[in-house]
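Every read-out reported here was derived from the displayed coordinates using simple, explicitly stated rules and does not represent laboratory data. Just so it is clear, the structure is predicted and the values come from calculations on it, not from any experiment. As a convention, Cβ positions derive from the backbone with ideal geometry for all residues, glycine included, and neighbour counts pool all protein chains shown.
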Amino acid sequence: MKPVLLMRAVLALLLLICTGCAGNARASASTAYTAPGATAGLSQNDVNLMAHVVYGEARNQPFVGQVAVAAVILNRYHSSLFPHSIPAIIYQPGAFTSISNGQAWLGLHQVNIEAALDAVHGWDPTHGALYYWNPATATSRWVWSQPIMLRIGQHVFAK
């Protein structure tokens, strides 16, 4: 089995265990993901919230682009420039268009959860980016003042 497929299988199994698929309605909000190299202290609710943002912001992007959106959230979590709480980061006014316009709540797929978990477990295809945007739709003068580091799918990423 390829390492990437094995990693996804293990992550899917962890997700099933952590969400109580064996009859429990839900794992408690204090369930934390603590894989080696992972971001410690995140709850199931944090990961689920990140996955909703991934859905709303990047559902039409390649998988690496979905992981990248989740990684930006975690990079903000680790930055002194942002609040040290996943909900506080996500619900900052204007921080994520999909939260502002409701797109984050229109659906959720297993792939979005896998992308969030891959980021939680240490995959950061953005190399530390704190911001991203779609150049075809972004209108903020401020965001365009940020130096672009890379492009993944339709999004560009900046520190």
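Structure above, values below:
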quantity	calculated
15 Å beta-carbon shell around Pro147, net charge (K/R +1, D/E -1)	+3
Farthest toward positive dipole pole in segment 42-158 [+1 Lys/Arg, -1 Asp/Glu at C-beta], among Gln146, Ala88, Ala116	Gln146
Cβ-placed point charges (K, R +1; D, E -1), dipole of segment 42-158 about Cα centre in debye, nearest 20	300
Cut-off under 5 Å, modelled amide H: who pairs with Met149 long-range	Phe157, Ala158, Lys159
Highest to lowest packing among 109-119, 73-83, 148-158, scored as the average C-beta count within 10 Å	109-119, 148-158, 73-83
Cα gyration tensor shape for segment 42-158, rounded if a/c is under 1.5, else prolate or oblate	rounded
Segment Ile148-Asn134, extension gain: residue separation times 0.36 nm, minus the distance between their alpha carbons	3.9 nm
